[in-house]
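The values are calculated or read from the model by the stated rules, or taken from the named source; none is laboratory data. Fair warning: this is a prediction, and the values are worked out from it, not measured in the lab. Positions of Cβ are generated from backbone atoms using ideal geometry, with glycine treated the same way; all protein chains shown enter the neighbour counts.
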Amino acid sequence: MPGSTFGELFRVTNFGESHGPAIGCVIDGCPPGLALCEADIQRDLDRRRPGTSRHVTQRNEADAVEILSGVHEGLTTGTPIGLLIRNTDHRSQDYGNLLDTFRPGHADYTYWRKYGHRDPRGGGRSSARLTAPMVAAGAVAKKWLLEKHGCTFIAWMSALGEIAIPFESAEHIAHNPFFAPNAAIVPQLEAHMDALRKAGDSCGARIEVRARNVPVGLGEPLFDKLDAEIAYAMMGINAVKGVEIGSGFGVVAQRGSEHGDELTPAGFASNHAGGVLGGISTGQELVVSIAIKPTSSIRTARASIDRAGQPTTVQTLGRHDPCVGIRAAPIAEAMLALVVMDHALRHRAQCGDVALPLPPIAGQRP
């Protein structure tokens, strides 16, 4: 299937189906000499995996990653890294009623019209389960970027449906199932999710993701702009319907005197641009926000058609997230890391010898 490979120099090819025997990816272009083991990758997979709370799908997958190639004696060799995640808890019978019908809002109809055949078991290739290999690849990128540039990534939920989540502290993010940076609001989020599940409905979410200590100079003019490729990566995540960089749509109401980030010897005075100017990183924090639509697979009966074009109703059984955004934070981190990693290698290949006579702005990383 075309469209299963992401990146240029750090290339990740994703394979598998939601209810197949396994999913995984092949990473091509990882530099040699990086210390790497399964535990380095498993941490992020554990943050994304299903069945971790009552608020997400109860599909109980360990998401245990296996490194098949590209690592010898604990170090990457520079050859393709094969990563495998076995599917162990799929219940394909839950999707038997979907073979001849189409879930509203899902990819069932478009896959059938495009390929003339589709895999209804959990959505096949359109399933959010296929984000797991990207999280695994992102963990490899994160480790290299941290060691080489001190670059770190963090994401959190800033809205669950109509409930805004005020940012209090990053310390709270890892200690609740919503990746919420505010402990006090968690009971309200839990009550909202319990009500949705009881009603057989779903909701959307907003996720914020940041990259810190990003080297200055990443990105290309015109069509390979760093922010353009970030938006491309984020739109590749299942259910994402909107992406903002920096102030995003807020720039509409800003004036030039406010929006333009002034430069001082101590650094930039603001970051409305989100860490990218002219498609090239400024060395500031990359600021990205994504909007995730309500889950399409819900128990509430919805009007649809069958393959013959006749009217019918669809009720999705099986195990689903009432809000897919709950597990999206580590996915967003991974996709941002993959973009930064790819551009870090591209920048090193073309401009590794560039040396300016003047020192960079304070706080920038070369």
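Restricting attention to the stretch 198-246, which residues are farther than 18 Å from Asp342 by Cα, surrounded by fewer than 17 Cβ atoms within 10 Å (Cβ to Cβ) and of a type outside the set (Gly, Ala, Ser)?
Lys198, Asp201, Lys241
Give the residue, chosen from Asp306, Asp321, that is over 29 Å from the mean Cα position of the chain (by Cα) and acidic (Asp, Glu).
Details: Asp321 fails: over 29 Å from the mean Cα position of the chain (by Cα).
Result: Asp306 is the single residue among Asp306, Asp321 that is over 29 Å from the mean Cα position of the chain (by Cα) and acidic (Asp, Glu).
Among the residues that make up the stretch 30-48, is at least one of them touching a Phe, Trp or Tyr at 6+ places or on another chain (Cβ under 6 Å), closer than 21 Å to Met335 by Cα and modelled with pLDDT of 95 or more?
Of all residues in the stretch 30-48, those touching a Phe, Trp or Tyr at 6+ places or on another chain (Cβ under 6 Å) come to 34.
Still in the list and also closer than 21 Å to Met335 by Cα: 34.
Still in the list and also modelled with pLDDT of 95 or more: 34.
Among the residues of the stretch 30-48, at least one is touching a Phe, Trp or Tyr at 6+ places or on another chain (Cβ under 6 Å), closer than 21 Å to Met335 by Cα and modelled with pLDDT of 95 or more, which makes the answer yes.
Report yes if His149 is touching a Pro at 6+ places or on another chain (Cβ under 7 Å), farther than 30 Å from Leu98 by Cα and in contact (Cβ under 8 Å) with a residue 24 or more places away in the chain, otherwise no. Spell out how you get there, then give the answer.
Numbers: touching a Pro at 6+ places or on another chain (Cβ under 7 Å): yes; farther than 30 Å from Leu98 by Cα: yes; in contact (Cβ under 8 Å) with a residue 24 or more places away in the chain: yes.
Judged against the criteria, His149 is a match.
Do the conditions hold for Thr131, that is, is it hydroxyl-bearing (Ser, Thr, Tyr) and over 25 Å from Arg307 (Cβ atoms)?
Numbers: hydroxyl-bearing (Ser, Thr, Tyr): yes; over 25 Å from Arg307 (Cβ atoms): yes.
So Thr131 fits the description; yes.
For the condition more than 28 Å from Phe179 (Cβ to Cβ) and not aromatic (Phe, Trp, Tyr), what is the one hit in Arg348, Arg327?
Values: Arg327 fails: more than 28 Å from Phe179 (Cβ to Cβ).
After applying the criteria, what remains is Arg348.
Report every pair of residues separated by at least 6 positions or lying on different chains whose Cβ atoms are under 6 Å apart, first residue within the stretch 160-187 and in contact (Cβ under 8 Å) with a residue 24 or more places away in the chain and closer than 21 Å to Arg48 by Cβ, second outside any loop (DSSP other than H, G, I, E, B) and of a type in the set (S, T, N, Q).
Close Cβ pairs (under 6 Å, with a partner that is outside any loop (DSSP other than H, G, I, E, B) and of a type in the set (S, T, N, Q)) amount to Ile165/Ser158.
Any residue in the stretch 237-249 that's touching a residue at least 24 places away in the same chain (Cβ under 8 Å) and under 20 Å from Gly260 (Cα atoms): show its pairings with residues that are surrounded by 19 or more Cβ atoms within 10 Å (Cβ to Cβ) and of a type in the set (Ser, Thr, Tyr) at Cβ separation under 7 Å, as long as the two are six or more apart or on different chains.
Once the first residue is touching a residue at least 24 places away in the same chain (Cβ under 8 Å) and under 20 Å from Gly260 (Cα atoms) and sits in the stretch 237-249, its partners that are surrounded by 19 or more Cβ atoms within 10 Å (Cβ to Cβ) and of a type in the set (Ser, Thr, Tyr) give Glu244/Ser289; Gly248/Ser289.
Taking the stretch 186-196 as the search range and keeping residues that are buried (at least 18 other Cβ atoms within 10 Å of the Cβ) and over 30 Å from Gly246 (Cβ atoms), which one is modelled with the lowest pLDDT?
Ranking the candidates gives Leu196 first.
Going through the stretch 156-170 one residue at a time, which ones are assigned to a loop (DSSP other than H, G, I, E, B) and of a type in the set (Phe, Trp, Tyr)?
Across the stretch 156-170, the qualifying residue is only Phe167.
Inside the stretch 16-27, can you point out the residues that are in contact with a Leu (Cβ under 9 Å, 6 or more places away or on another chain) and not aliphatic (A, V, I, L, M)?
Going through the stretch 16-27, the residues in contact with a Leu (Cβ under 9 Å, 6 or more places away or on another chain) turn out to be 16-18, 22-27.
Within the stretch 16-27, Gly16, Glu17, Ser18, Gly24, Cys25 meet the criteria.
Limited to the stretch 11-29, what total is found for residues that are farther than 18 Å from Val140 by Cβ and charged (D, E, K, R)?
Result for the stretch 11-29: 1.
Can you name every residue in the stretch 88-106 that is part of a helix (DSSP H, G or I) and at pLDDT below 60?
In the first step, residues of the stretch 88-106 are kept if they are part of a helix (DSSP H, G or I); the result is 92-98.
Residues satisfying the conditions are Ser92, Gln93, Asp94, Tyr95, Gly96.
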